[in-house]
Amino acid sequence: MKLRHALLAFAAATILGGQAYAANLSIVLGSTGKDEQVMRELLDKFEKDTGNKVQIVPMPSSTTDQFGQYKLWLAAQNSDIDVYQTDVIWAPQLANQLLDLTDAMKDVAKDHFPAIIESQTVNGKLVALPFFTDAPALYYRKDLLDKYGKQPPKTWDELTATAKEIQDKERAAGAKNLWGFVFQGNAYEGLTCNALEWVKSNGGGQIVEPDGSISINNPQAVKALELARTWINNISPPGVLAYQEEESRGVWQTGNAVFMRNWPYAYSLGNSGDSAVKGKFDVVPLPAGTGDGARSAATLGGWNLAVSKYSKNPDAAVALVKFLGSKDSQKYEAINASHLPTIQALYEDADIAAAQPIIPRWKEVFLNAVPRPSAPTKVKYNEVSNQFWTAVHKTLSGTGSAADNLAALEISLTKLKGSGW
Ligand code: GLC
């Protein structure tokens, strides 16, 4: 049996790819929504085209948990993983252990948004090919807002009031499990994304500014966090302090939330056959704060594909990355997982617009999205983010005021910065 498989694989590789042998590759990615399933479908196609085999190593959905594991594997020079799906914020931190893709991707890199390519370029080296980009939406229940004559909120104050009114009236009418607003309040990278939006949208800066200065301890940031604190156990369930993306989506998709902050992947899932909110919701950009510099702010997210320096099959691994990042694969991801493409032309694609109308609408949102301070803080980003989400989580949990927690954060970030990032 084994011999037969080997012969078949050899024949396939010779006939189809003209390669000397078929490689066994592995790719590691977090399992959020349908990510793993859609990836498997693409890999099946790659296997058929090339005769190579690709195994998925599934990881928890949390980007923070993935990062911790990948750091360990790379430090141990693990050669079992060929391709990593990498978060947009990791490039400077993992650059030394990833292959330089500049040459291999020189014909295709120009098709992607230049800013995303730039985010994955460290000291002139392209460390990962963009796979999809991300910018969150405010999901809202059209049916419920219509019923109460409300418009989608333009400010966080409006969101708070609308969420409360609809939640209370619906509960009185029997919808006992309904909550006004779900988001990602767990102590992890997702909370950094959410809280950066509250702060930036309220004119409170972006934690560490592009020039490296620490800006987080300011009155507008304090105000933004104080408002968020009032949501807990009022319009948001107490459990939200442990929610990541998938827990928020669970509450939302069973029809138990008026509003949800989440990434575009939740759009296709929300409209799937078994969803209680199918056809009942729409999306708008996140609300703005109030006061000077207030604007709607979306944190820039996204995922890329990188080849480990320790891969035993670097050529086949690079070919896999090129295949997954291609126009066809990104179109498949857009239609089946509502992932935002990084290839510019796909925003004009009629099939994508018809299948997932959020995608062409979200081009402007992600082009104006706010980056987390991973570029200025370089290899210290994860620690910066960890300190920020910890301060925010304490505030939301009622341990210390926002003012005290942000003042302490400023001191510890200053220490971390030392003489420079
Ligand atoms: C999404 C974003 C990613 C971010 C993560 C936080 O997956 O694409 O950039 O770090 O959410 O939970």
With the first residue restricted to the range 192-215 and required to be in contact (Cβ under 8 Å) with a residue 12 or more places away in the chain, and the second required to be in a helix (DSSP H, G or I) and among the acidic types (Asp, Glu), Cβ contacts under 8 Å at 6 or more apart or on different chains are ILE214/GLU410
Which number in (1) under 30 Å from LYS48 (Cα atoms); (2) in contact (Cβ under 8 Å) with a residue 12 or more places away in the chain marks the one condition that ALA353 misses? (2)
Which condition number does ALA403 fail, the rest of (1) closer than 22 Å to LEU196 by Cβ; (2) in contact with a strand residue (DSSP E or B) (Cβ under 8 Å, 6 or more places away or on another chain); (3) of a type outside the set (D, E, K, R) being met? (2)
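So that you can scan it fast, the table gives a plain yes or no per residue for (1) closer than 25 Å to SER31 by Cβ; (2) of a type in the set (Asp, Glu); (3) part of a strand (DSSP E or B); (4) more than 16 Å from the ligand (Cβ to nearest atom):
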residue	(1), (2), (3), (4)
LEU94	yes, no, no, no
MET105	no, no, no, yes
LYS110	no, no, no, yes
ALA115	no, no, no, no
PHE131	yes, no, yes, no
Only one of LEU98, LEU159, LEU129 is modelled with pLDDT of 95 or more and under 21 Å from ASP328 (Cα atoms); which? LEU129
Selection over the range 35-68 where residues are part of a loop (DSSP other than H, G, I, E, B), within 14 Å of the chain's Cα centre (by Cα) and not polar (S, T, N, Q) yields a count of 1
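So that you can scan it fast, the table gives a plain yes or no per residue for (1) in contact with a His (Cβ under 7 Å, 6 or more places away or on another chain); (2) crowded, with 22+ Cβ neighbours inside 10 Å; (3) not in a helix (DSSP H, G or I):
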{"site": "LEU145", "(1), (2), (3)": "no, no, no"}
{"site": "GLN151", "(1), (2), (3)": "no, no, yes"}
{"site": "GLU158", "(1), (2), (3)": "no, no, no"}
{"site": "LYS164", "(1), (2), (3)": "no, no, no"}
{"site": "GLN167", "(1), (2), (3)": "no, yes, no"}
{"site": "GLU170", "(1), (2), (3)": "no, no, no"}
{"site": "ALA175", "(1), (2), (3)": "no, no, yes"}
{"site": "GLY190", "(1), (2), (3)": "no, yes, no"}
{"site": "CYS193", "(1), (2), (3)": "no, yes, no"}
For the range 29-40, pairs from a residue that is polar (S, T, N, Q) to a residue that is within 14 Å of the ligand (Cβ to nearest atom) and in a helix (DSSP H, G or I), with Cβ under 8 Å and 6 or more apart or across chains, are THR32/GLU245; THR32/GLU246; THR32/TYR265
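The values are calculated or read from the model by the stated rules, or taken from the named source; none is laboratory data. Predicted model only: the values in this text are computed from it and were never measured. Neighbour counts run over all protein chains shown; Cβ positions are idealised from the backbone, glycine included.
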